[in-house]
Every structure is written in C-alpha cells, then in structure tokens.
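The values are calculated or read from the model by the stated rules, or taken from the named source; none is laboratory data. Remember, it's a predicted structure, so these values are computed and weren't measured experimentally. Heads up, the Cβs are rebuilt from the backbone with ideal geometry, glycines too, and the neighbour counts pull from every protein chain shown. Only protein heavy atoms, including side chains, enter the accessible area calculation; ligands, DNA and RNA are left aside. Shrake-Rupley method; radii C 1.70, N 1.55, O 1.52, S 1.80 Å.
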Amino acid sequence: MTSRHDPRLKAFASDNYAGVHPEILQAIAAANGGHQTAYGEDVYTEAMGEVFQRHFGERAQAWPVFNGTAANVVSLRSMTAHWEAVICAESAHINTDEGGAPEVAGGIKLLTVPTPDGKLTPELIDRQAWGFGDVHRAQPRVVSISNTTELGTLYTADEIAAICSHAHDLGLLVHLDGSRLTNAAAALDVPLRALTTDVGVDVLSFGGTKIGLLYGEAVVVLNPAAATGVDYLRKTFMQLSSKMRFVSAQFEALLSGDLWLRNARQANAMGRRLAEAVGGIPGVRLTRPVEANAVFAILPRDVTERLAKRFRFYTWNEATGEVRWMCAFDTTEADVDAFAAALADEMPTTHP
Ligand SMILES: Cc1ncc(COP(=O)(O)O)c(C=O)c1O
C-alpha cells in the first residue's frame with residue numbers, strides 16, 4: 001500500500017497531527033494475534049496497570065479511554081456529585097475546546113477564572129471557591145488545572161503543591177489535565193509523580209495520543225477516596241474499549257522504558273529551537289514564555305495567511321492575530337529550520 005499523503009510534510013498545528021511512534025506500532029503488532037478476554041481483562045491491561053503504578057505509586061489505578069475529552073469528563077464526573085462544580089482557568093481545554101462536553105455530556109458546572117498565563121493560583125481559586133452551603137450556588141468541589149497549560153506554560157511541583165494544599169484545606173479535590181504531562185515533566189526534568197502523586201493531585205487525565213500513541217488516554221486515580229464509579233462511568237460515557245489490549249499495549253510501550261521521555265524531550269527541544277529561530281525575525285513577536293513544545297506569536301496577518309498555505313498551524317486568537325505553533329515528538333531540526341526560513345521568506349522586506 002502506498003501512502004495517500006506525503007509523509008515528509010510536517011505541520012506546526014498540534015502534536016496530534018503527528019503519526020504513531022514506530023515503537024508503539026510494534027507494540028500494537030506484538031499484541032495482535034490469538035484471542036484475549038475483551039473489555040480489559042487481558043494481560044496487556046494488567047501489565048499497563050503495573051506500569052502506571054511504577055510511575056504514580058502503588059495506590060494509582062489507571063483506566064484507558066479513547067480520548068482526552070473523555071478522560072476529563074470521566075475524571076471530573078467521578079469526583080463530583082450532581083450539585084457540585086469544577087473551578088478551572090477560563091482558558092482550560094475543558095472550558096474552551098471540548099464542545100461543552102463537561103457540561104453537556106457530563107452535566108458538570110464549570111466555574112471559570114480569567115488568568116494571565118493559563119495558570120491558577122491559590123488566590124485565583126478563591127475567586128470561585130465561595131458559597132459553600134448556599135443552596136443557590138453550584139457547590140465548588142474540584143479544582144482542575146492543566147500541565148502543560150493550553151497557553152504553553154508550566155506549573156512547577158511547588159506551584160501544584162500550593163494549589164493542592166489550598167484546595168484540600170477548602171475541602172476541594174484536585175484534577176490535573178495531563179494531556180501534555182510528559183512534556184511538563186521532561187521540561188522540568190522530574191519524574192511524572194513529582195508533578196502529581198507527590199504533590200497531592202487526586203485524579204489525573206494522562207495523555208498518550210500527543211506523545212506518540214495511535215490513540216488512547218487514561219483516567220488515573222491517585223487518591224482512591226477522591227473518585228467513585230470510574231468503572232461504570234467509563235462505560236456510561238462510551239469509553240469502554242472492547243479490544244482494550246491494543247490501547248493498554250501502547251501505554252506499556254510508552255511508559256515501561258524511556259519512550260515518553262525521549263519523545264517529550266524531542267518535542268520540547270524543537271519548541272525551544274523554533275522560538276529561538278523565529279524570535280529573531282524582525283516583525284515577529286513571541287507572546288508567551290516558551291516552556292515546553294508550544295510557541296505563541298503575533299505577526300502580520302498577511303504573513304500568517306501566506307505561511308498557513310505552506311504549513312498548517314492555528315490562529316489562536318482571531319482578535320489579536322496571535323498564532324500557535326506546536327512541535328511534536330517527530331518534529332526534526334530540519335522541519336523547524338524549514339519553517340523558520342519560510343516565515344522569514346514571507347515577511348515583508350523593508351527597502352532603504
Ligand atoms: C490540554 C488538553 N486537554 C485535553 C485534550 C484532549 O483532547 P482530545 O479529546 O482531542 O483527545 C487536549 C487536546 O488538544 C488538550 O490540549
């Protein structure tokens with residue numbers, strides 16, 4: 001079979017534009033053949049559970065799901081009663097990019113807070129952590145943060161510890177949307193548990209797709225007292241994969257060695273390289289700190305239009321013209337250099 005696309009072409013739109021890491025494809029192939037019990041009672045899912053425990057501690061329990069939106073909805077629903085609500089940044093993926101799934105499918109009220117950089121702080125949490133016992137207000141129950149954030153920024157372990165401690169003091173639980181947790185841990189050079197289990201995160205949505213899986217994310221309950229009914233909710237929300245061995249085998253391949261770290265380091269290094277290459281081009285202004293694999297910038301709109309015909313990427317903010325460029329595990333130095341050269345080429349030249 002020949003490809004219908006040019007496999008040499010790379011985009012800077014999202015890390016999920018990338019294909020599947022070859023070691024993940026091998027793991028899927030190795031899991032093929034013969035029969036295994038469906039719905040997660042298979043040897044791959046058992047091994048996957050152990051691998052998650054090695055990273056996140058003995059109390060951790062992982063449930064594979066199909067995508068990140070579902071990981072968030074199942075996680076948050078398992079942490080809240082019908083009258084309870086989730087505090088999150090206004091820019092959080094659960095608020096901006098999930099088609100309303102937490103509210104529509106999950107029936108979960110989101111209490112949002114504007115932030116300068118996509119990050120909550122104890123002070124920002126307090127803007128919504130009030131009205132306890134007031135029957136007229138959805139009761140705050142969970143604080144949800146994303147690491148890395150939707151604006152490419154990072155929470156350090158200390159920042160997450162401060163959030164968890166504050167939330168727990170208020171009787172709130174903490175959920176972490178770790179769609180790019182691997183990028184955050186690689187950037188900070190810490191183990192995955194240093195940003196989660198060790199600092200008090202209760203439930204984690206762990207990302208696989210953006211870091212090299214064909215598909216698959218996981219709900220990871222770190223504090224068993226914080227979540228109920230994940231087994232049932234996963235089915236209710238249509239996330240119970242019958243051929244689960246193929247999702248689980250991918251996670252085992254990602255997490256049993258250093259594949260997650262290699263992939264995340266590569267994506268982050270390419271983010272840094274891209275920032276350095278384009279940051280020096282007159283007329284291009286980087287708008288946010290580049291802390292992992294995402295670069296945000298403002299450039300002339302006509303340049304954006306021309307460049308977008310050569311490389312796919314997103315305009316993040318139509319009002320300001322801010323764009324987002326994202327590097328993936330398979331972005332190479334040559335890809336970054338070609339993109340930066342194309343950008344320089346599209347910029348208007350000023351003649352003396
Ligand atoms: C922060 C964050 N959370 C969750 C997701 C998961 O989304 P999906 O449902 O597309 O897998 C994404 C994907 O872009 C994301 O960036």
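Structural remarks
- Hits in segment 1-32 (condition: assigned to a loop (DSSP other than H, G, I, E, B) and open to solvent by less than 50 Å² (accessible area, probe 1.4 Å)): Ala11, Phe12, Ala13, Ser14, Ala18, Gly19, Val20, His21, Ala31
- Residue satisfying all of: in segment 68-85; open to solvent by 20 Å² or more (accessible area, probe 1.4 Å) and not β-branched (Val, Ile, Thr); farthest from the ligand (Cβ to nearest atom) among these: Trp83
- Test: residue in segment 257-274 that is within 14 Å of the ligand (Cβ to nearest atom) and open to solvent by 10 Å² or more (accessible area, probe 1.4 Å): no
- Within segment 5-22, residues that are within 15 Å of Leu254 (Cβ to Cβ) and free of Cβ contacts under 8 Å to residues at least 40 places away in the same chain reach no partner that is away from the ligand (no atom under 16 Å from the Cβ) and open to solvent by less than 80 Å² (accessible area, probe 1.4 Å) with beta carbons closer than 6 Å at six or more positions or on different chains.
- Some residue of segment 219-236 being in a loop (DSSP other than H, G, I, E, B) and within 16 Å of the ligand (Cβ to nearest atom): no
- Counted residues, segment 314-329 - those being assigned to a loop (DSSP other than H, G, I, E, B) and buried (at least 21 other Cβ atoms within 10 Å of the Cβ): 3
- Of all residues making up segment 47-83, the number that are over 24 Å from the mean Cα position of the chain (by Cα) and not hydrophobic (A, V, I, L, M, F, W, C): 1
- Where strands (runs of 3 or more DSSP E) fall entirely within segment 86-193, those with at least 3 residues that are more than 12 Å from the ligand (Cβ to nearest atom) and buried (at least 19 other Cβ atoms within 10 Å of the Cβ) are at 109-113, 139-146.
- Of all residues in segment 48-67 being assigned to a strand (DSSP E or B) and either open to solvent by less than 30 Å² (accessible area, probe 1.4 Å) or of a type in the set (Lys, Arg) (or both), the one that is nearest to the ligand (Cβ to nearest atom): Val65
- Ala277 passes every criterion in (1) within 16 Å of the ligand (Cβ to nearest atom); (2) surrounded by fewer than 24 Cβ atoms within 10 Å (Cβ to Cβ) apart from (1).
- Tabulated pairs, segment 143-156, first more than 17 Å from Val174 (Cβ to Cβ) and charged (D, E, K, R), second open to solvent by 10 Å² or more (accessible area, probe 1.4 Å) and within 10 Å of the ligand (Cβ to nearest atom), C-beta under 6 angstrom, 6+ apart or interchain: Glu150/Ser91; Glu150/His93
- Close pairs (7 angstrom Cβ cut-off, 6 or more residues apart or separate chains): under 29 Å from Asp126 (Cβ atoms) and acidic (Asp, Glu) in segment 59-86, at pLDDT 95 or above and more than 9 Å from the ligand (Cβ to nearest atom) anywhere: Glu84/Ala138; Glu84/Gln139; Glu84/Arg141
- Criterion violated by Pro282 - all others in (1) open to solvent by less than 10 Å² (accessible area, probe 1.4 Å); (2) modelled with pLDDT under 95; (3) of a type outside the set (Val, Ile, Thr) satisfied: (1)
Residue by residue, here is whether (1) within 25 Å of Leu154 (Cα to Cα); (2) in a strand (DSSP E or B); (3) modelled with pLDDT of 95 or more; (4) among the charged types (D, E, K, R) holds:
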| position | (1), (2), (3), (4) |
| --- | --- |
| Val303 | no, no, yes, no |
| Leu307 | no, no, yes, no |
| Thr331 | yes, no, yes, no |
| Thr350 | no, no, no, no |
